[in-house]
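The values are calculated or read from the model by the stated rules, or taken from the named source; none is laboratory data. Everything numeric here is computed off the predicted structure, so don't read it as measured data. Positions of Cβ are generated from backbone atoms using ideal geometry, with glycine treated the same way; all protein chains shown enter the neighbour counts. Heads up: the accessible areas ignore ligands, DNA and RNA and are worked out on the full protein's heavy atoms, side chains in. Shrake-Rupley method; radii C 1.70, N 1.55, O 1.52, S 1.80 Å.
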Amino acid sequence: MTDATNPAPLTSDDDWWRSAVVYQVYVRSFADANGDGVGDLQGIRERLPYLRDLGVDALWLTPFYTSPQVDAGYDVADYRDVDPLFGSLTDFDAMITDAHALGLRIIVDLVPNHTSSQHPWFSAALAAAPGSPEREFYLFADGKGENGELPPNDWESIFGGPAWTRVPDGQWYLHLFDPAQPDLNWRHPQVRAEFEDVLRFWLDRGVDGFRIDVAHGMIKAEGLPDVGFNSMTTGQRQSELLGKGRLPYFDQDEVHDIYRAWRPILDSYPGGRMAVAEAWAETPQRLARYIGPDELHQAFSFDFLDATWSADSFRKVIDTALAESTIVGAPTTWVLSNHDRQRHVTRYGDGEVGLRRARAAALLMLALPGCAYVYQGEELGLPEVLDIPDELRQDPAFLRTGESRDGCRVPIPWSGELAPYGFGPQGCELSWLPAPATWRALSVAAQTGVPGSTLELYRAALRIRHEHPALAGTTGGVTWLETEPGVLAFHRTDGATTLTCVVNISGAVVVVEGYGRPIVASEELTEQGPGHVLPVDAAAWFERR
Ligand code: BGC
């Protein structure tokens, strides 16, 4: 469709996603246009010029569909509508039109592993009898024990506790996450047909791509076999195997049939429509199977997100990710933070040290080939908020495990002296999570135009990343350079121009020499003879023509 409500996508470069910088918008915490304390689509629309000026290529929006919001929208009750909390389809259309006009692409989150328990299919399944066609859309099973009083198997919810809940007639249903997120039966042809239609619905509205939630989860092993242990039996949580071992409910071979059916749908639309998998697999080789010309375009490289502040750790995950990308012929993705993990300022030590390291990590990430995902607020150097009072925490995992993801989801500070710092309309004091007083100094307005601010560092690095010929290539690796221990140095080149990224994780200052002139640095450099002193926990890019 190409009319005003369903704009044509950008058409310039079908391979745009290979080297894009994608900015993750956590919709409820980005910008609140209507003053109810929760971010919305109109808020995003108003802030699009900020994102264009920041220099990102695309936005990934977390779920904004109709939802009871038990898991912040990852519990969808209607896949084809916008939750009134976030606006309307008309707001979506206006937002995507403006985004495209500014040259920004839009990726939406698709949640196919489970629906909300308030989805009409689940209501019908509950109302129908065991064994009915309505129950076939989900994974209902009889329990074990004399009267079926024990769950059908030992599977554990990622949010803690058993993955099964019993309904009044005695059957159990599977939910790998919250009980309000029943898992769909992806062996049911109507489930497959429904999601193919949902893909088309959003593609017709002009979206440029999808982030596939729990992309490794849709198919469960036949017979629903036990894992063999769980926190109740051995004290070890099954989720500890994520990315390290095999679980009968994740990464089953048959899941790839689903993506092989989706790819032709994506390819049938113009403009390079893409999909990125949130997938966990036992080995890089198994993760690579999600990517390719007949499946998805990308999978998040979570090892990078898990890397600790050490040269060896970064070197190892970068080499592994680059090797994977060579296997599949698609560039990798880099992620330092997202809405499920503690923000990297805090992971790297918090406070001033954490911020210095996070700024250096940004230069490391943005110099690498491939696609970089920036989580909203990382360009401001936001730390995790560690002291949210328990009664304000909203993550469903908190009640089940005591672990909460709320601290990385606090609304963005835009401007002003008082919390929530311009998150809502002028004078509005509401925000669904409170922002700490220290965030006044971290707001967009407080950092704009301030030399050396984290925001200006990101702007400078993103501009160079776009314009620099040495960073233009979308494939290929990096050339590691000999350094002293604890220092990472690599270069990228187009033959005529070479850009070298140096990261000092050694704990002592180092003198960098021979790579040309510095063009951006996370801390101030001082000249020393023909070289430059790179401070502790700092990174810089040098250019030689
Ligand atoms: C999302 C989480 C969500 C879960 C269940 C994850 O992959 O990133 O935020 O809670 O899926 O949908």
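Quick notes
- Peptides 123-132, 286-295 ordered by average Cβ neighbours within 10 Å, highest first: 286-295, 123-132
- Taking amide H positions as modeled 1.01 Å from N, with prolines and chain starts lacking one, the residues under 5 Å from Asp81 and 5 or more places away or on another chain are Thr66.
- Two-site FRET efficiency, Ala128 against Ser231, from Cβ-Cβ distance with R₀ of 45 Å, rounded to 0.05: 0.85
- Each Lys and Arg contributes +1 and each Asp and Glu -1, all at the Cβ; summed about the Cα centre of the stretch 120-174, the dipole is approximately 100 debye.
- Expressed as a fraction of 2.2 N^0.38 Å, the C-alpha radius of gyration for the stretch 478-544 is 1.01.
- Model label points for Ala261 and Trp480, set 7 angstrom from Cα along the Cα-to-Cβ axis, are 4.3 nm apart.
- Dipole magnitude (debye, nearest 20) for the chain, charges at Cβ of Lys, Arg, Asp, Glu: 1100 debye
- Residue (of Ser123, Gly145, Trp164) at the positive-pole extreme of the stretch 120-174, dipole from beta-carbon charges: Ser123
- Computed over the alpha-carbon pairs of the stretch 472-515, the distance histogram in 5 Å steps reads 5, 20, 30, 21, 12, 9, 3 percent, short to long.
- Each residue of the stretch 174-188 was assigned a 3J(HN,Hα) from its phi angle through the Karplus curve 6.51 cos²θ - 1.76 cosθ + 1.60 (θ = phi - 60°); the sequence is 8, 9, 6, 10, 6, x, 7, 10, x, 6, 7, 8, 7, 8, 8 Hz, with glycine and proline shown as x.
- Among Phe423, Phe398, the sequence by solvent-accessible area, most first, with a 1.4 Å probe is Phe398, Phe423.
- Considering only Cα atoms, the convex hull volume of the chain works out to 148 Å³ per residue.
- Scoring 74-82, 388-396, 345-353 by mean Cβ neighbours within 10 Å over their residues and listing the highest first yields 74-82, 345-353, 388-396.
- Translational D in µm²/s for the stretch 120-174 (Stokes-Einstein at 4 °C, 1.567 mPa s, Kirkwood Rh from C-alpha pairs): 112 µm²/s
- Convex hull projection area averaged over all views, the stretch 155-227, Cα basis, nm²: 6.4 nm²
- Residues whose amide H falls under 5 Å from that of Val374, counting only those 5 or more places apart or on a different chain, are Val22, Tyr23, Gln24, with hydrogens built in the peptide plane.
- Less than 5 angstrom separates the built amide H of Val510 from those of Leu534, all sequence-distant by 5 or more or on a different chain.
- Taken one residue at a time, the phi angles of the stretch 420-426 give Karplus couplings (6.51, -1.76, 1.60, θ = phi - 60°) of x, 6, x, 5, x, x, 3 Hz. Gly and Pro are set to x.
- Residues Arg273, Arg205, Arg356, Arg260, sorted by accessible area with the largest first, give Arg260, Arg356, Arg205, Arg273 [1.4 Å probe; ligands and nucleic acids excluded].
- Residue order for Leu430, Leu89, Leu199 - accessible surface, 1.4 angstrom probe, largest first: Leu430, Leu89, Leu199
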